[in-house]
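The next block holds one structure in the form of structure tokens; read it before the comments.
The values are calculated or read from the model by the stated rules, or taken from the named source; none is laboratory data. Source: prediction; values computed, not measured. Positions of Cβ are backbone-derived with ideal geometry, glycine not excepted, and every protein chain shown enters the neighbour counts.
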Amino acid sequence: MSTANAKSNHRGETPATVEELCDLLRRCNDDGTKIGVAGGDTLRGMGFSLSGSELVLNTTALKRIVAYDPCDLTVAVQAGTTLRSLTTRLKKEGQFIPFDAPRPAHATVGGTLAAGWLGPRRHRFGRPRDLIVGSTIALADGTLARAGGMVVKNVAGYDMSRLYVGSFGTLGVLVQTNLKTLPLPPAARAFLAPLPEGTRARAFTQLQMLAVEPSAALWIDGFEKEIASAPGAEGRLFVLLESSDALLERATRDLRSALGRAGVPQTEIVDSRAREMLDAIVDAYVASVADRSITYRLTGLPSAAQECALESRDLVRRFALDAGIIADAMNGDVVVRASRNDTRDLSLKFQVLDDALHRARPRARIIAGDHPVRPALRVWGEDPPALERMRALKCAFDPRGTLNPGRFVGGM
Amino acid sequence: MERLGQAVGAENVKTAPEDLAVYAFDAYSDGKPPSAVVIPSQTREVSAVVKIARALGEPVIARGAGTGLCGGAVSIQGGGVVISFARMHRMLELDVPNRRARVQPGIVNLHLSQQVAASKLFYAPDPASQRSSTIGGNIATNAGGPHCLSYGTTVNHVLALEVVDERGEVFTTDIDDAGYDLTAALVGSEGTLGIVASAWVRLLRMPESTRVWLAAFPSIESASEAVSAIVGAGIVPTALEMMDAVIVKAVEAAFAAGYPTDAAAVLLIENAGFEDEMNACEAAIERLALANGALSWRAARTQAERDALWAGRKGAVGAIGRIAPNYYTQDVTVPRSALPKALRAVEVAARENDLVVGNVFHAGDGNLHPLLVYDKRDRRQVAAVLSTGNAILNAAIDLGGTISGEHGIGYEKRDAMTRVYSAQDLAAMARVRDVFDPEHALNPEKIFPAGTRCVEVAPPQ
């Protein structure tokens, strides 16, 4: 929080209670003070800049686990709870929530949800939006609105909680969320393998067809500094298997023979710290190269992921930029980082790349990097078809435009 | 009305009183006949119908198979144009590698699974009505079913929507679009925010191995404890269903499913996964069931044995028809750990009103379905049912639960919304309604308690 405030010269407020937070909102909404909303400041590379805000409201003091009964498989937490502290608490009961967001020691539950973060295990365990069962949101006028509850099945009224996930703090400030928890698979095993050109397409197809679905399967090219593992000439494959103990050996066998069929050379198995390796990769999703990089996330279908990754890498290289790629074989999204040590013409290069990338992948959106040219780029990708309706929604919830002005899609 | 005929063909517009009368009901509630029922064949026609209806000042009510239980798809005041999706019942695209399908709203839930079965895929949400209810209706109510314990409800399986809005304009949403997750807002909105004209839905791969077990318990409490113990041990089976003695007796009388009739409660447990882990899983669940007092334990290994055990569960509601001419199904959810208290409250409420109640429900989700049996012709019994249903709602709320787990709010429960939500909570929902449907032309008088207006409850600054 201090970095955000220091860098952007904003006045910061960290309300100690929900009441204080509501009071602050009410006062600002009344006197026209624009508010930026922040959690752990770990996803600041998403969205337009905070420059439209005069004050940054930080939720990190609201960090209580409000209710947790492991047998109910639900937990209620205040929005400023860090992912790490929640994960640690859940782990004691053999449970977890697959947020898979960068820098979990700082990232908050509310911030991760509001940013609509998508992790690499979502194909198997669900998106964060599919794990939220209830919420309390502080609206711009300082009133609180609750939605859902502490039950896992609830169709009483609109699913407001899911609407708040990914709303980037523009409809209100999440103060509490109630989430489903999942049993943590007892066994985890990571696999690393080189992934030369000729094997890649077949490897992706084989991975997608595996009966025991991997929890994550990522082709990583570049990111040598961030992800410590033997770099292959054209990147390496990381696969995470999570299962019961009884299933792990069979899953291992199946995976090895599938990769063998694809022609992937020797596979290295890592048993201890398998999940920590995934955490390090997720951190790399938003890791910047000083202020000389821009990172995009391209969403797409799994069947097109490999091709999309290659195409994007070639584009980046065509503009004489260094490319880092993380391609998700299970979910289909591709993370592309463009960077260059030589800063000459870098702004122009980023702009030309932005044009080219969006021509090929209109939904490409920026998730990291704060090069000065950034405001001129298509930070959120193409406008969604229902943008006008979204604007109307923003206006209905925050008629005075108090919350996070200018940061969201379409400059909302 | 002529214009409606021009839009969809005269044979697809019904206005004769005897035709309209059928549309005044759903599977439980009585409403009033609409002015017309229109059966479009494609999105363009849905759009045209909405435009014409709006020009005539008629509200529009989208309707699937009419299997709802809370008056969600009927006209309340009478009048209005009902759009039936009976002719929009096709799967439009199947994308096997990415495990998804694009469907029209009128496709029957079970038919979708049948049509993708050859590709070893299935559509997971399986409400009890799946033989007749449609995907469009399932999306409107965010339908559940026994298997949503591990697979999640309908909203977890909808990827993108094509929607006709209250002006008859078409818009699309996609969970990967930038901006607000309008897909999430639309699923479960009971046709009040837009009319789904097609949807991309997620398909799952058929499990390699499925086992079904039946455990009998001496009391509802011990069965509930077993449920908590199984889930607490880190096992989330694909289904965890409970039936009490009333239901078991009715089921056995109706079609001898082989349930033990001397038990106070039976648990039907299904797990799907891989053969490699099934023995360990079975041993763990059996141990937990016996440790919590199970009187007997049966494992179904073959498809025929599994089907037999499921037949009792699936036929339970129908079997109740043998006990009394009518029944009323309540639908509430409580936190799993509150199940024993909730079931006691159900029993007390029924006894105080001198009614017989049977419980058949999704125990793993804490989703109760008390069935109150009665005779509609006896006004005293009708009053007793209403009073008991109401007491059950209150008990669920007191236990931290909610007033509908999967059937929806519709007209029947709209006034109960104020018992779980504050004026501010409802005002936030009303803001969404007013953005999508400012004139409340889409399925009016549903979900929101009479008189809810966000401007009245929370005046803009």
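Quick notes on this one:
Conditions tested, residue by residue: (1) closer than 30 Å to B:Leu372 by Cβ; (2) without any contact (Cβ under 8 Å) to a residue 40 or more places away in the chain.
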{"residue": "B:Lys32", "(1), (2)": "yes, no"}
{"residue": "B:Ser41", "(1), (2)": "no, no"}
{"residue": "B:Arg44", "(1), (2)": "no, yes"}
{"residue": "B:Pro59", "(1), (2)": "no, no"}
{"residue": "B:Gln77", "(1), (2)": "yes, no"}
{"residue": "B:His89", "(1), (2)": "no, no"}
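- Filter pass, B:Gly136 being closer than 27 Å to B:Ala48 by Cα, surrounded by 24 or more Cβ atoms within 10 Å (Cβ to Cβ), touching a residue at least 60 places away in the same chain (Cβ under 8 Å) and not β-branched (Val, Ile, Thr): yes
- Restricting region A:390-402 to residues that are facing another protein chain (nearest Cβ under 7 Å) and crowded, with 22+ Cβ neighbours inside 10 Å leaves a set whose member that is farthest from A:Leu353 (Cα to Cα) is A:Phe397.
- Check on B:Val382, assigned to a helix (DSSP H, G or I) and under 20 Å from the mean Cα position of the chain (by Cα): no
- Qualifying strands (runs of 3 or more DSSP E) (wholly inside region A:1-118; at least 2 residues being surrounded by fewer than 19 Cβ atoms within 10 Å (Cβ to Cβ) and among the charged types (D, E, K, R)): A:11-13
- Checklist (1) more than 24 Å from B:Tyr259 (Cβ to Cβ); (2) part of a helix (DSSP H, G or I); (3) away from chain A (no Cβ under 11 Å) applied to B:Val346, failing item: (1)
- Scope region A:98-153; condition hydrophobic (A, V, I, L, M, F, W, C) and facing chain B (nearest Cβ under 8 Å); matching residues: A:Ile137, A:Leu139, A:Leu144, A:Ala145, A:Ala147, A:Met150, A:Val151, A:Val152
- The criterion of at least 3 residues that are within 28 Å of A:Asp72 (Cβ to Cβ) and in contact (Cβ under 8 Å) with a residue 40 or more places away in the chain is met by the following helices (runs of 4 or more DSSP H) wholly inside region B:258-333: B:275-291, B:303-314.
So that you can scan it fast, the table gives a plain yes or no per residue for (1) over 25 Å from A:Met390 (Cα atoms); (2) modelled with pLDDT of 95 or more; (3) more than 9 Å from chain A (Cβ to nearest Cβ); (4) surrounded by fewer than 24 Cβ atoms within 10 Å (Cβ to Cβ):
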| position | (1), (2), (3), (4) |
| --- | --- |
| B:Leu121 | yes, yes, yes, yes |
| B:Thr141 | no, yes, no, no |
| B:Ala160 | no, yes, yes, yes |
| B:Arg167 | no, yes, yes, yes |
| B:Leu182 | no, yes, no, no |
| B:Glu190 | no, yes, no, no |
| B:Ile195 | no, yes, yes, no |
| B:Ala199 | no, yes, yes, no |
| B:Arg202 | no, yes, yes, yes |
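- Of all residues in region A:234-245, those that are more than 16 Å from A:Ile269 (Cα to Cα) have Cβ atoms under 6 Å from Cβ atoms of residues that are crowded, with 22+ Cβ neighbours inside 10 Å and of a type in the set (Phe, Trp, Tyr), 6 or more apart or on another chain, in A:Gly235/A:Trp219.
- For B:Asp415: the one exception among (1) surrounded by fewer than 22 Cβ atoms within 10 Å (Cβ to Cβ); (2) within 10 Å of another protein chain (Cβ to nearest Cβ): (2)
- Taking the criterion of being assigned to a loop (DSSP other than H, G, I, E, B) and more than 12 Å from chain A (Cβ to nearest Cβ), the only residue of region B:385-411 that qualifies is B:Tyr411.
- Of the residues making up region A:288-303, none is part of a helix (DSSP H, G or I), touching a residue at least 24 places away in the same chain (Cβ under 8 Å) and in contact with a Lys or Arg (Cβ under 6 Å, 6 or more places away or on another chain).
- Any hit, region B:356-379, residues being within 11 Å of chain A (Cβ to nearest Cβ) and in a helix (DSSP H, G or I): yes
- Any hit, region B:11-24, residues being assigned to a loop (DSSP other than H, G, I, E, B) and basic (Lys, Arg): no
- In region B:143-158, the residue that is nearest to the other protein chains (Cβ to nearest Cβ) out of those that are outside any loop (DSSP other than H, G, I, E, B) and of a type in the set (Val, Ile, Thr) is B:Val155.
- Residue count for region B:92-124, restricted to those that are part of a strand (DSSP E or B) and closer than 13 Å to B:Val201 by Cβ: 10
- Selection from region A:254-287 of residues that are over 20 Å from A:Phe204 (Cα atoms) and either without any contact (Cβ under 8 Å) to a residue 60 or more places away in the chain or part of a loop (DSSP other than H, G, I, E, B) (or both): A:Asp271, A:Ser272, A:Arg273, A:Glu276, A:Ala280, A:Val286, A:Ala287
- The residues of region B:211-234 that are out of contact with any helix residue (DSSP H, G or I) (no Cβ under 7 Å at 6 or more places or on another chain), assigned to a helix (DSSP H, G or I) and surrounded by fewer than 24 Cβ atoms within 10 Å (Cβ to Cβ), listed by number, are B:Ser222, B:Glu225.
- Residue within region A:191-206 that is in the same structural domain as A:Lys394 (by TED's automatic domain parsing) and small (Gly, Ala, Ser) present: no
- Number of the exception - A:Ser167 against (1) more than 25 Å from B:Leu339 (Cβ to Cβ); (2) not in a loop (DSSP other than H, G, I, E, B): (2)
- Any hit, region B:398-414, residues being farther than 30 Å from B:Val60 by Cβ and either touching a strand residue (DSSP E or B) at 6+ places or on another chain (Cβ under 8 Å) or among the aromatic types (Phe, Trp, Tyr) (or both): yes
- Residues in region B:268-283 that are surrounded by 16 or more Cβ atoms within 10 Å (Cβ to Cβ) and within 14 Å of chain A (Cβ to nearest Cβ): B:Asn271, B:Ala272, B:Gly273, B:Phe274, B:Asp276, B:Glu277, B:Met278, B:Cys281, B:Glu282.
- Residue among A:Thr267, A:Thr205 that alone is among the β-branched types (Val, Ile, Thr), over 25 Å from the mean Cα position of the chain (by Cα) and within 30 Å of A:Ala338 (Cα to Cα): A:Thr267
- A:Ala228 being part of a loop (DSSP other than H, G, I, E, B) and either touching a residue at least 12 places away in the same chain (Cβ under 8 Å) or buried (at least 17 other Cβ atoms within 10 Å of the Cβ) (or both): yes
- Residue identified as more than 7 Å from chain B (Cβ to nearest Cβ) and small (Gly, Ala, Ser) among A:Gly166, A:Gly157, A:Gly198: A:Gly198
- Qualifying positions in region A:66-96 - over 14 Å from the mean Cα position of the chain (by Cα) and among the hydrophobic types (A, V, I, L, M, F, W, C): A:Val66, A:Ala67, A:Cys71, A:Leu73, A:Val75, A:Ala76, A:Val77, A:Ala79, A:Leu86, A:Leu90, A:Phe96
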